[in-house]
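*Asks:* My questions will all concern the structure given below.
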Amino acid sequence: MIATGGTMATAIMLLRHQGASRVYLAAVHPVLTGSAVIKLYRSGVEAVLATDTLDKGVSTVSVAPLIAKALRS
């Protein structure tokens, strides 16, 4: 879960400072309050990918097939 993005922004900056040429971020539950997405991109993340457990602009991975499978079994 990523809410404000502060911890992840710090981690991204540290990775970039240590020489990472690209940093990608993946989240299962993207709360992303306020300006969290902007904060993440300003810290140097290449892309933010997340599931659609919450409908956000970065929600690119659907959990619907997993939920459907669980309901069928």
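The values are calculated or read from the model by the stated rules, or taken from the named source; none is laboratory data. Predicted model, so just to flag it, every value in this text is computed and none were measured. We place every Cβ from the backbone using ideal geometry, glycine too, and count neighbours over all the protein chains shown. Please note that ligands, DNA and RNA were not included when accessible areas were found on the heavy atoms of the full protein model with its side chains. Shrake-Rupley method; radii C 1.70, N 1.55, O 1.52, S 1.80 Å.
*Asks:* Quick check on this structure: which one of Lys69, Lys56 is under 29 Å from Arg16 (Cβ atoms) and among the basic types (Lys, Arg)?
*Replies:* Lys56
*Asks:* State all residues of the range 41-72 that are open to solvent by 60 Å² or more (accessible area, probe 1.4 Å), of a type in the set (Gly, Ala, Ser) and at pLDDT below 95; if no residue qualifies, say none.
*Replies:* Correct list: Gly57 only.
*Asks:* Residues of the range 1-24 being open to solvent by 80 Å² or more (accessible area, probe 1.4 Å) and either of a type in the set (Gly, Ala, Ser) or touching a Pro at 6+ places or on another chain (Cβ under 7 Å) (or both), which ones?
*Replies:* Ser21 - this is the single residue of the range 1-24 that is open to solvent by 80 Å² or more (accessible area, probe 1.4 Å) and either of a type in the set (Gly, Ala, Ser) or touching a Pro at 6+ places or on another chain (Cβ under 7 Å) (or both).
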